[in-house]
Amino acid sequence: MTIAGRFEAALARESGPELAGPELLPVRLSRACAALLGVDGAGLSLLDGTGRRVPLGASSPEASSAERMQFTTGEGPCMTSQSTGQPVFAVEEDLRRRWPMFAELLLGATPFRAVVALPLQPGPAGDGALDLFFTHSAAVPELDVFQAVAVGELVTSSLGDAAVWSTWTPAEGPGWMQGPAPRRRAAVWEAMGKVSVALDVDPAEALALLRTDAYTAGRSVDQVAAELLTGRRLVEDLRPRG
């Protein structure tokens with residue numbers, strides 16, 4: 001059977017009632033990627049038209065947490081792959097050396113010890129990325145890279161033509177942009193605006209304040225943003241001291 005046929009079969013196996021609906025397509029795709037490639041986790045993300053990172057879905061709660069850790073620290077293999085448009089291979093030693101803050105969170109709170117990040121094509125280089133997670137660094141050399149790249153192309157095809165990657169907006173995006181992960185990240189942009197206005201800082205500094213607060217408390221930016229929007233946290237709590 002061709003790779004395309006095997007991928008379609010894997011995707012069909014992940015299309016049960018609990019994952020029905022267009023908004024959960026990225027979750028189904030992530031699970032199919034993990035199963036077909038024999039990895040321990042997978043996640044999909046993209047950069048929107050303004051360069052903001054949006055998670056689409058992941059194969060497991062641990063893989064989803066790993067994406068939030070990268071966003072919270074502002075560093076990691078997937079972010080590097082998206083910015084360079086090049087594949088990134090990182091075993092535990094590489095993670096500790098290149099992205100120490102992300103490595104601290106990943107190694108301390110998930111079973112993953114290695115990551116391979118592949119840019120998704122077509123589309124402008126770096127727009128989308130497929131993260132593959134491994135519980136053992138020794139498994140990385142066993143990954144069939146050509147097959148993984150082919151699977152990434154099939155994922156892109158499943159999500160739509162290249163125009164989708166660069167033209168969507170939170171209000172007008174396709175059905176797969178309405179899932180739980182994108183909605184949580186959309187709340188971050190809303191919280192950034194709230195912090196920016198209340199503390200009279202630009203959006204980049206607002207995001208930095210959210211990240212600092214989250215990292216210091218051992219939480220994700222998504223969690224902090226949700227608390228700010230529901231009133232469980234005050235924006236003043238994020239104001240730099242001194």
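Descriptive notes on the structure:
- Highest mean packing first, where packing is the average number of other Cβ atoms within 10 Å per residue, the peptides 35-47, 107-119 line up as 35-47, 107-119.
- Evaluated with a Cβ-only charge set (Lys, Arg +1; Asp, Glu -1), the chain carries a dipole of roughly 360 debye about its Cα centre, given to the nearest 20.
- Cα convex hull, the range 23-154: 94 Å³ per residue, rounded to a whole number.
- Distance histogram in 5 Å bins (all Cα pairs of the chain, percent per bin): 1, 7, 14, 18, 19, 17, 12, 7, 3, 1, 0, 0, 0
- Angle between the chain longest axis and helix 100-109 axis [Cα atoms, degrees, rounded to 10]: 70
- Potential lengthening between ARG239 and GLU142 on full extension [0.36 nm per residue; Cα-Cα distance subtracted]: 30.2 nm
- Highest to lowest packing among 51-59, 23-31, 224-232, scored as the average C-beta count within 10 Å: 23-31, 51-59, 224-232
- Relative to the current alpha-carbon distance between LEU229 and ALA4, full extension at 0.36 nm per residue lengthens the span by 76.7 nm.
- Extension gain, ALA204 to ARG13, is 64.6 nm, computed as 0.36 nm per intervening residue step minus the present C-alpha separation.
- Taking the chain and dividing mean pair separation by its residue count, relative contact order in percent (alpha carbons under 8 Å, at least six apart): 19
- Close amide H contacts of LEU130 (hydrogens built in the peptide plane, cut-off under 5 Å, sequence separation of 5 or more or a different chain): LEU118, LEU120.
- Over the chain: helical MRE at 222 nm, DSSP H runs n ≥ 4 each giving -39500 (n - 2.57), nearest 500: -16500 deg cm²/dmol
- Packing-based order for 178-184, 128-134, 75-81, 91-97, using average beta carbon neighbours within 10 Å, highest first: 128-134, 75-81, 178-184, 91-97
- Shape of the range 1-74, Cα gyration tensor, a/c cut at 1.5: prolate
- Expressed as a whole percent, the accessible surface of the range 1-129 that belongs to carbon and sulfur atoms is 54, based on a 1.4 Å probe.
- Residues of the chain: accessible area per residue with a 1.4 Å probe, Å²: 45
- Virtual spin-label span in nm between MET101 and ARG183, 7 Å along Cα→Cβ: 2.9
- Positive-pole candidate from LEU56, GLY85, ALA129, dipole of the chain, charges at beta carbon: LEU56
- Table column - 3J(HN,Hα) (Hz), the range 215-229, Karplus curve with 6.51, -1.76, 1.60, x for Gly and Pro: 4, 4, 8, x, 10, 9, 4, 4, 5, 4, 4, 4, 5, 5, 6
- The 3J(HN,Hα) values that the Karplus relation (6.51, -1.76, 1.60; θ = phi - 60°) gives for the range 133-148 are, in residue order, 10, 10, 7, 9, 4, 5, 7, 4, x, 7, 5, 7, 5, 4, 5, 5 Hz. Gly and Pro appear as x.
- Surface composition of the range 171-242: carbon plus sulfur atoms hold 54% of the accessible area, using a 1.4 angstrom probe and ignoring ligands, DNA and RNA.
The values are calculated or read from the model by the stated rules, or taken from the named source; none is laboratory data. Remember, predicted model here, so these are calculated numbers, not experimental data. Quick reminder, even Gly has a Cβ in these numbers, built from the backbone with ideal geometry, and neighbours come from all protein chains shown. Note: accessible area is taken over every heavy atom of the protein model, side chains too, but ligands, DNA and RNA are not part of it. Shrake-Rupley method; radii C 1.70, N 1.55, O 1.52, S 1.80 Å.
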